[in-house]
Amino acid sequence: MGISDIDADGPIPLCEPNLPGNEKQYVADAIESNWLSGGKYLNRFEKELAQFTGATYAVGISSGTTALQISLLLADVRPGDLVIVPDLTFVATANAVKHTGAEPILMDIDPGTWVMDLNLLKGFLEDSCYISNGCCYLKENNRQIRALVTVHLLGNMCDMRELLQIGADYQLKIIEDAACSLGSFQSGRHSGTFGFTGTLSFNSNKIITTGGGGAILTNDEAVARKARHLITQAKSHPVEYFHDLVGYNFRLVNPLAAIGAAQMELLDEFIRVKKDIAEYYRTNLPDTGIRFQKITDHTTSNCWHPALLIRGSRELVAFLAERKIESRPLWRPVHELPAYQNDIFITENNHSVKVSEAGIMLPCSTSVTPRQLERVCKTIALFLTQ
Ligand SMILES: *Cc1c(COP(=O)(O)O)cnc(C)c1O
């Protein structure tokens, strides 16, 4: 946790970037080297991401959203296809599906862990889908379900062994949206390394940041090569401007990767602090009237963003704001957003709606001080007694 309280009653931000290390020095070095698109920091950052996660390859990319879009394209998702996505996630997960011309099937979540409900998923696949020629189709309209994106929500994961089995049974490519979960493991294996690909985000609120950026993790050499090809305009000749596909300009640039390389030096410490913050909330908030996210068995969350369920969550957000403490409601269920109202939503008990309505995300900057955390807890306790 942070070293000193500059102002004990000052504003407490939600989740600020923290760049206390070699960020400036590496960016200056990248600029002085005149390597701005590719360069040594990009190579280094990718290598270190692969090392940290245990993925064979990490491909730097412009954002977590484009990492998902490219992953879906590499999974052969085409316009008119269907892709299963959890209903509770940051909207980018579903947007990436739409960007490929496919449509999401929004799957409800488990009320305890807040990640995709695998029993609901299995029931849906058994009852509403069929397999023909090794492909999965929705009975209702005979459209192909090509892939499934699981989201490691706030650092938690679903049971990946079970999900991979479902993927194998129904011929679905499994993509892991690991934007929230750099530093989360299940049975000793890093999030984002189980499926066809995993995607990371280095947006400014994530556990490490490059301002904007992302990565695709994969163990498949051909997938990594194709990803690089697609995000660099699909140029297939070293000199001639010959492009063998409709490519994209989605590279992560060297000066941003330089920030990332410096942030990698701090990642272990950031994870430790995030876990301390989550532990502080769990032990210092009142036991009644509050519910935390249940972490799946055999899973170690990076505790990227502590959140809780409470009656009157929106009133609590306002109550905290009046006391200069920044918090946020949990994401709105995707099926409630205007662009997704015509998409299929699979649910039995509307858990995504209930969790979203009661959900609030708490301050968790890695620079937060113990006194600030104490203030947050006391203010929530005060809210509960009024
Ligand atoms: C942040 C985030 C994204 C998007 O990442 P960007 O880098 O902002 O594009 C996608 N999915 C989830 C779950 C996220 O939290």
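Summary of computed values
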read-out: Filtered residues of segment 197-222 (kept if of a type in the set (A, V, I, L, M, F, W, C) and surrounded by fewer than 21 Cβ atoms within 10 Å (Cβ to Cβ)); value: Ala222
read-out: Residue check for Arg251: of a type in the set (Lys, Arg), within 30 Å of Ile360 (Cα to Cα) and either touching a residue at least 60 places away in the same chain (Cβ under 8 Å) or crowded, with 22+ Cβ neighbours inside 10 Å (or both); value: no
read-out: Close pairs from segment 18-36: first under 20 Å from Arg251 (Cα atoms) and in contact (Cβ under 8 Å) with a residue 12 or more places away in the chain, partner in a loop (DSSP other than H, G, I, E, B) and aliphatic (A, V, I, L, M), Cβ under 7 Å, at least 6 apart; value: Leu36/Val253
read-out: Entirely in segment 234-334, the helices (runs of 4 or more DSSP H) that have 3 or more residues that are in contact with a Phe, Trp or Tyr (Cβ under 7 Å, 6 or more places away or on another chain) and not basic (Lys, Arg); value: 254-264
read-out: Residues within segment 131-187 that are farther than 24 Å from Ile70 by Cβ and of a type in the set (Lys, Arg), tallied; value: 2
read-out: Matching strands (runs of 3 or more DSSP E) fully within segment 121-172 where at least 1 residues are modelled with pLDDT of 95 or more, away from the ligand (no atom under 16 Å from the Cβ) and closer than 22 Å to Val91 by Cα; value: 144-151
read-out: Leading residue by the ranking (farthest from Ala278 (Cα to Cα)) among those in segment 206-223 that are near the ligand (Cβ under 7 Å from one of its atoms) and under 12 Å from the mean Cα position of the chain (by Cα); value: Gly214
read-out: Qualifying residue in segment 98-107 (condition: within 13 Å of the ligand (Cβ to nearest atom), part of a helix (DSSP H, G or I) and farther than 26 Å from His305 by Cα); value: yes
read-out: Identity of the residue in segment 179-205, over 15 Å from Asn156 (Cα atoms) and among the hydrophobic types (A, V, I, L, M, F, W, C), that ends up farthest from the ligand (Cβ to nearest atom); value: Phe196
read-out: Among the candidates Ala257, Ala234, Ala227, residue that is over 24 Å from Thr369 (Cα atoms), surrounded by fewer than 18 Cβ atoms within 10 Å (Cβ to Cβ) and not charged (D, E, K, R); value: Ala234
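The values are calculated or read from the model by the stated rules, or taken from the named source; none is laboratory data. Bear in mind that the values here come from a model prediction, so they are computed numbers and not experimental data. Neighbour counts run over all protein chains shown; Cβ positions are idealised from the backbone, glycine included.
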